[in-house]
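Worksheet: one structure, shown below.
Every number in this text was worked out from the coordinates using simple rules, so none of it is lab data. This one's a predicted model, so the numbers in the text were calculated from it and none came from an experiment. Reconstructed Cβ throughout: ideal geometry from the backbone, glycine too, with neighbour counts over all protein chains shown.
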Number of protein chains: 2
Amino acid sequence: MTEILDISDASAKSQFVLYWGDMGGQWGVNRSVAQIHALLFLSVSPLNAEQISRELGIARSNVSNSLKELVGWKLIRRIPVPGDRREHFSAETDVWEMAMRIAQGRKEREIDPAISAISDCLEKAATEPEIHPEVLKRMQEMQAFLTTVDTWYGQMLNVPKSKLNLLMKMGNKVISLLTLTGKKSE
Amino acid sequence: MTEILDISDASAKSQFVLYWGDMGGQWGVNRSVAQIHALLFLSVSPLNAEQISRELGIARSNVSNSLKELVGWKLIRRIPVPGDRREHFSAETDVWEMAMRIAQGRKEREIDPAISAISDCLEKAATEPEIHPEVLKRMQEMQAFLTTVDTWYGQMLNVPKSKLNLLMKMGNKVISLLTLTGKKSE
DNA sequence: TAGTAATTTCTGTAATTACAGAACTCATTA
DNA sequence: TAATGAGTTCTGTAATTACAGAAATTACTA
């Protein structure tokens with residue numbers, strides 16, 4: 001009988017859950033998923049589906065599907081609670097780790113398919129001698145760009161978080177390090 | 001009387017437009033908008049709304065709204081064509097520039113609102129002495145993270161494209177430059 | 001093996017979003 | 001000032017997506 005989440009501190013916390021929920025809209029995640037994620041992110045102990053359902057007032061089935069999606073993004077994971085048959089879930093709370101999981105998911109869902117789609121186009125273009133050279137060039141540039149970004153993403157995902165943090169904190173100072181090679185640009 | 005786009009090379013090009021259109025779905029852009037963007041991206045000369053409408057078979061009104069949205073993202077711009085009263089549009093074709101415009105838009109629409117939403121929560125949390133310290137900590141970490149990313153984004157947006165390109169091409173090699181400070185991480 | 005709790009999948013409905021076509025506005029020219 | 005062309009806004013419908021509740025499945029317990 002897991003203790004139901006104490007709601008006495010609901011205000012700031014539940015406000016966070018609500019905000020996060022409809023920001024999900026902007027981010028392309030539906031409200032239920034985003035709310036559940038927020039709730040788990042702020043929960044100090046793992047929650048089961050039933051608790052989440054009651055806490056957020058959303059249907060049990062919806063919770064089930066949303067949890068599946070969050071697990072798919074690796075933003076939450078199943079936590080076995082000894083002596084309790086029900087599945088419990090808790091969220092990744094390291095924000096950097098979280099960001100990297102999301103980045104990984106986006107790479108797979110957004111960039112990779114784009115690259116392969118453009119590859120198809122370029123293949124077909126190769127069979128069209130009459131294609132306008134400028135059109136071909138633009139497709140190629142897009143392809144090259146996406147490939148660069150993809151590779152970069154892939155590399156960054158394997159960089160330890162602390163280094164990433166450092167890198168970002170340095171921000172554009174990093175640029176000066178490169179300026180040794182000092183080409184004029186734009 | 002602007003010459004209508006020659007469709008003889010339609011296949012690879014129109015395939016690109018179609019692909020791009022439904023990849024828009026993944027990226028959170030609707031099909032019409034994405035298709036129009038793709039079409040303009042591959043067009044060597046500016047197009048007017050009527051041409052776009054006919055070429056893609058979408059309603060004139062829809063084209064009008066979509067163009068407005070693309071202009072809002074600064075991915076296309078109005079091009080006055082001398083001797084033609086109609087408005088013509090052409091897309092940014094520099095892929096780096098394009099990416100930066102999108103990044104800028106996302107920063108404004110996704111990150112900035114998130115930061116201010118969390119600020120609200122933290123403000124409210126400050127008035128709740130009973131709040132669980134761990135909950136507070138997590139909110140703060142999220143806030144700090146988003147702020148770091150936001151600042152970083154802001155700085156990167158002002159870096160010349162060629163440097164960005166270089167930076168990405170170097171990828172994780174950049175990390176080694178920092179390793180001088182050589183902390184062990186994770 | 002029957003019974004029950006937990007979870008998932010299915011089915012229909014509600015809500016949202018995308019879109020076409022019509023109506024309208026504004027500018028231009030006759 | 002009427003007539004025409006371009007562009008936008010409005011209105012209703014279609015398509016999609018989100019979701020609740022029911023039915024079905026799976027896992028455990030007696």
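A few notes on this one:
- Distance between the 7 Å Cα→Cβ label points at A:Glu123 and B:Glu69: 3.0 nm.
- For B:Lys161, the distances from its label point to the matching points in the remaining copies are 3.5 nm, ordered from shortest, with each point set 7 Å beyond Cα toward Cβ.
- What the pair-distance distribution of chain B shows, using all Cα-Cα distances binned every 10 Å from zero, is 8, 25, 25, 20, 14, 7, 2, 0 percent.
- Here A:Gly25 yields copy-to-copy label distances, from shortest upward, of 2.2 nm, the label point defined as 7 Å from Cα along Cα to C-beta.
- Distances from B:Leu178 to itself in the other copies, using label points 7 Å out along the Cα-Cβ axis, amount to 1.4 nm in increasing order.
- Modelled spin-label separation between B:Ser116 and A:Gln140, with each label point placed 7 Å from Cα along the Cα-to-Cβ direction: 4.5 nm.
- Between region B:66-86 and region B:108-186, the C-alpha centres lie 35 angstrom from each other.
- Note on A:Asp94 and B:Asp150: with the Förster distance fixed at 22 Å, the Cβ-Cβ geometry gives a FRET efficiency of about 0.70.
- Max mean-square fluctuation residue, GNM over chain A, Cα-Cα springs under 10 Å, options A:Leu39, A:Leu136, A:Leu47: A:Leu136
- Span-rule helices in chain A, defined as complete DSSP H runs reaching 15 Å or more along the axis (Cα) with Kyte mean at least -0.5: A:10-27, A:31-42, A:60-72, A:95-106, A:112-126, A:133-156
- In summary, the lysines within cross-link reach of A:Lys169, defined as a Cα separation below 22 angstrom excluding same-chain residues under 8 places away, comprise A:Lys161, B:Lys107, B:Lys137, B:Lys161, B:Lys163, B:Lys169, B:Lys173, B:Lys183, B:Lys184.
- Think of the axis that spins chain B onto A; the B residue whose C-beta lies nearest it, and the distance in whole Å, is B:Gly28, 2.
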